[in-house]
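Report on one structure; see the data block that follows.
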Amino acid sequence: MIFKFPRSECDKCKLRDECLHKIKKRTKRENFRKLRVSTRYDAILKDKERNETKEFKKAINNRFIVERRFATLVNNHGLRRCRY
């Protein structure tokens, strides 16, 4: 989704320095500010919250064990192409 804000609104905003990044000088000055928000933004926020849980940290610590075994099977035992 793309939101458009009039530049006059952005100039008055208290959070302007936090919201806008430094933009290189443009030859053409636009009368509005575009803000793009991903349609999956809510899912990204949920994932960030989940990453902080104890269960996730425990699972991520065990992941390297499984990934190492998969890598061994692929590299040494011909499992690169496998049906199941």
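Charge tally around K4: other residues with Cβ under 9 Å, Lys/Arg +1 each, Asp/Glu -1 each, net +2. The phi torsions of segment 33-46, fed into the Karplus equation with coefficients 6.51, -1.76 and 1.60 and a -60° offset, translate into couplings of 10, 9, 10, 9, 10, 5, 5, 9, 4, 5, 5, 5, 5, 5 Hz, rounded to whole numbers, with Gly and Pro shown as x. With both labels modelled 7 Å from their Cα along Cα-to-Cβ, the R63 to N76 distance reads 2.4 nm.
No value in this document is a laboratory result; all are computed from the given coordinates. Quick caveat, the model's predicted, so the values are computed rather than measured. No Cβ is skipped: glycine too gets one built from the backbone with ideal geometry, and neighbour counts run over all protein chains shown.
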